[in-house]
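Notes for the one structure printed next.
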Amino acid sequence: MIPGLKREVEAAVEEACRRLWEIEPPRFVIETPPKVEQGDLALPIAFELAKVLRRPPRKIAEELAPELRLPPIVASRSVQGGGYVNLHLDRPRALAAMLLAPPGTGEAPGKVIVEHTNINPNKAAHIGHLRNAVLGDVLVHLFRRLGRRVEVQNYLDDTGVQVADVVVGLEHPAELAEPQRAEALAGEIREILAAFPDDAPGEAPRRLGDLTWDLYALVTRSYAADASLEELRKETLHTIEGAALGNEQSEEKRATAALAGRLAEAVVRCHLKTMERIGVSYDLLPRESDILGRRFWTKAFDLLEAAGATQLETGGKNAGCWVMKLEGAKDFEGMEDADKVLVRSNGTVTYTGKDVAYQLWKLGLLGIDFEYEKAPYVTPFGGPEFVASDGESPLYRTRRDAEGADPSARGRFGGGDAVINVIDVRQSYPQKVVKEAVRRAGFPEGADRSIHFAYEMVALTPASAEALGVTLSEEDRGRAYVEMSGRKGLGVKADDLLERLVEKALEQIQVREAGAPPDITRAEAIAIGALRVYMTRYSRNKVIAFDFDDALAFEGDTGPYLQYAAVRTANIFRKLEEKGFPGPLDEEEAASVASLDAAHLDDGLWDVVRTCGRTLETFEKAAESLEVSLLVRHALAVGAAFHHLYHTHPILQAGNEESRRARRAALQLVKTTLDDVLGVLGVPVPERM
């Protein structure tokens, strides 16, 4: 509840155990009693001591409680239940301490690298990417709130098969299943890329994402209709990878690789613009082409080979491939074909192989580094530069050579004490392979620092899918949700979803304020709040079926509900000042709360304070468990506490000035707590709802 208090209590328990029984106390977790009248902190230490002292927990608690040398802010103690030692705080002093507590927690050691978003730079972002980006961004805010140094990376697979597929469509439209449509799409895409970046019109990023979305779906349908097109894909992919490796190539192949590079760079700008809309930003954009160009895999392969972690298969289906044998390994038990190919028989490195090299670099274990340059991305094509996640520093991207690099950036990136990869649950097997490869390369502690933040997919309710223009069958309309598929062209672009949310939010505002001019800024804030809460309110192992009406409801477990509570707390203080009463407490008045009579803080009011007091504990639990839905649950609890306070303890109806000050103090704590938690969730708070 109060910074440092739990540690003081733990120290008092340790000292008493040594003095009374000459033992070091076992570990225990300080809890919060379920009912306000039971106290503010519950110590279950007696249950742990019972295993050592061989005595009933209640008897141990009765002996321990009076011997605890507790800080003065603890007003009383009691033994409850089967052996809990419960502590009751001096309510006025505790409330004053919470009001005056510094907002931060001090700097924590080490650096956390959070890698998230990671959209293939071949088409517009879709709704699933929004969940990835929001979850990753909330983790970033959370760790920073807890004093950790965080580096945010967004990996760009600019040499992957998805980019190659669109390039196939651009260079061979006449060979696709729908040649006329393919020619039209390819022609318009080439026009945009030819003008890229400075001469392209302002709508170019959005238009480019839409066009490449359609062309990608058309190309993948064409593969199904004509298997011979697969050879074009292989040739194109080989050409792109060869350029990244610096191989000698014909003029025609150099032109293909250059087209792929322009495409990827332009689409990345589209993605950055989309993510900027929802408040997501990055520090570094590592590019797969630079991983190849800097020969990261060669170094990683040498480490694996020296450790005996990979072997060349001479027979069977993997003949000629370098494989990591995983059969019987702990995380791969029961799998029929757990072994993973790292290098194909044609000498090309698999995605997983490149991911192993990248992970070793992120952990600071590879022994080589990228060169870096300020990312030449502007928003959209012209205008201010994108900035890093601190809102001030420039956004960087990797490069393979020193020409044009920023020497001051060397050594700044990578080398994380913990590396969190935000990737959906379908990538669990490759992520386990990456972790196991780090371990087998000789870095078991690095494997322990490698964390896969897995999450389930985002789908749409049938009603929301149809509202966004998705054509459904009768069977689909009867489903709980409709799955998306980018390869099949069945999907919803992130920008389409955001614009529909803004439209719906604007409709809600105009219903409440008939005749008022449209307030797009407020509608956007409400839409983003609705989206971010919807994407984080569910446990990450649960499939989300996105529903517009549910997300934008002003009541219930929603972003608008929380924004409404935050706005209303500020409005109460403003109205107090309009009526001639004091508004928010300044530092001197907050300190004076400590001398109030405790009678002004009855159980109903104090329960609101207790709820707010669990914020830091919630942050720590969410960081430890990587379950950000805990943050939404806590925000909702604080919102409910505010509504209880508003209805049961109106400030102007308090009996005297001291009672009004106690209620103002509680309201101020609610406001700062809501601002704090919504800040971590990345939910904007408009001036009014």
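The values are calculated or read from the model by the stated rules, or taken from the named source; none is laboratory data. Small disclaimer: the values here were computed from a predicted structure and weren't measured. Because the Cβ atoms are built from the backbone with ideal geometry, glycine has one as well, and the counts that use them run over all protein chains shown. Calculation scope for accessible area: heavy atoms of the full protein, side chains included, ligands and nucleic acids excluded. Shrake-Rupley method; radii C 1.70, N 1.55, O 1.52, S 1.80 Å.
Here Val387 meets the list (1) closer than 26 Å to Ala164 by Cα; (2) surrounded by fewer than 20 Cβ atoms within 10 Å (Cβ to Cβ); (3) among the hydrophobic types (A, V, I, L, M, F, W, C); (4) at pLDDT below 85 almost entirely, failing just condition (1).
Residues in the stretch 440-450 that are surrounded by fewer than 18 Cβ atoms within 10 Å (Cβ to Cβ) and not small (Gly, Ala, Ser): Pro444, Glu445, Asp448.
Out of the residues in the stretch 274-304 meeting the condition of being among the charged types (D, E, K, R) and in contact with an Asp or Glu (Cβ under 6 Å, 6 or more places away or on another chain), tell me which one is farthest from Leu326 (Cα to Cα).
Looking at residues that are among the charged types (D, E, K, R) and in contact with an Asp or Glu (Cβ under 6 Å, 6 or more places away or on another chain), I get Asp283.
I need the full set of residues from the stretch 32-68 which are acidic (Asp, Glu) and either free of Cβ contacts under 8 Å to residues at least 40 places away in the same chain or more than 22 Å from Arg7 (Cβ to Cβ) (or both), in order please. Hits for the stretch 32-68 are Glu37, Glu48, Glu62, Glu63. Filtered by the rule that a residue be open to solvent by 40 Å² or more (accessible area, probe 1.4 Å) and not small (Gly, Ala, Ser), the stretch 601-641 gives Asp602, Asp603, Asp607, Arg614, Leu616, Glu620, Lys621, Glu624, Leu630, Arg633. The set of residues from the stretch 516-556 being more than 14 Å from the chain's Cα centre (by Cα), outside any loop (DSSP other than H, G, I, E, B) and of a type in the set (A, V, I, L, M) comprises Ile520, Ala523, Ala525, Ile526, Ala527, Ile528, Ala530, Ile544, Ala545, Ala551. Filtering the stretch 42-86 to residues that are on the phi > 0 side of the Ramachandran plot and either touching a helix residue (DSSP H, G or I) at 6+ places or on another chain (Cβ under 6 Å) or surrounded by 17 or more Cβ atoms within 10 Å (Cβ to Cβ) (or both) leaves only Gly83. The residue that is nearest to Asn86 (Cα to Cα), among those in the stretch 15-41 that are surrounded by 15 or more Cβ atoms within 10 Å (Cβ to Cβ) and either of a type in the set (S, T, N, Q) or under 34 Å from the mean Cα position of the chain (by Cα) (or both), is Leu41.
When the residues of the stretch 661-689 are filtered to those that are farther than 14 Å from Leu601 by Cα, of a type in the set (A, V, I, L, M, F, W, C) and more than 20 Å from the chain's Cα centre (by Cα), the one that is modelled with the lowest pLDDT is Met689.
If the condition is being surrounded by 15 or more Cβ atoms within 10 Å (Cβ to Cβ) and farther than 17 Å from Ser228 by Cα, then the stretch 171-187 contributes Ala182, Ala184, Leu185, Ala186.
The condition of being open to solvent by 10 Å² or more (accessible area, probe 1.4 Å) and over 30 Å from Gly655 (Cα atoms) holds for only one of Ala570, Ala545, Ala551, that being Ala545. Listed by position, the helices (runs of 4 or more DSSP H) enclosed by the stretch 268-374 that each have at least 2 residues that are aliphatic (A, V, I, L, M), closer than 18 Å to Arg440 by Cβ and open to solvent by less than 20 Å² (accessible area, probe 1.4 Å) are 296-306, 351-362. Note on the stretch 232-256: residues that are open to solvent by 20 Å² or more (accessible area, probe 1.4 Å), of a type outside the set (D, E, K, R) and touching a Gly at 6+ places or on another chain (Cβ under 9 Å) amount to 5.
For the residues Val150, Val161, the requirement of being within 30 Å of Val482 (Cα to Cα) and surrounded by fewer than 24 Cβ atoms within 10 Å (Cβ to Cβ) singles out Val161.
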